[in-house]
Amino acid sequence: MPKPVLTPSKEPARFGAIYYGSTSPSMHEALEALAEKGIYVNALRIRAFPFQDEIFDFVALALEGVRGRAEPRRAAEDAARQRRRHQPGVA
């Protein structure tokens with residue numbers, strides 16, 4: 001199963017975007033246009049379902065920034081809990 005593709009911003013980013021499919025060319029254009037205006041975005045292109053761990057980790061790190069805290073361990077634990085919720089037969 002193909003893994004998601006991370007496109008990190010060239011500068012520290014306050015925002016993250018997740019996209020898939022035929023939106024790829026438009027997203028690359030939008031990311032460049034935003035960067036020219038000083039708005040930096042980390043982007044993650046989903047290439048397959050079901051979601052892989054990297055997607056949950058990307059969201060956990062984004063939420064960490066939204067919460068205004070630097071708690072990578074808690075974010076990782078939250079991401080692990082989310083993964084377990086979406087996997088049948090895993091407690």
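Brief remarks follow.
- Scanning region 1-27 for residues that are out of contact with any strand residue (DSSP E or B) (no Cβ under 7 Å at 6 or more places or on another chain), more than 20 Å from residue 51 (Cα to Cα) and not acidic (Asp, Glu) yields 10, 12, 14, 25, 26.
- All positions within region 1-46 that are under 12 Å from residue 58 (Cβ atoms) and small (Gly, Ala, Ser): 13, 16, 17, 43
- Only listed residue being of a type in the set (Gly, Ala, Ser), at pLDDT 90 or above and in a strand (DSSP E or B), chosen from 17, 35: 17
The values are calculated or read from the model by the stated rules, or taken from the named source; none is laboratory data. Fair warning: this is a prediction, and the values are worked out from it, not measured in the lab. Virtual Cβ from ideal backbone geometry, glycine too; neighbours counted across all protein chains shown.
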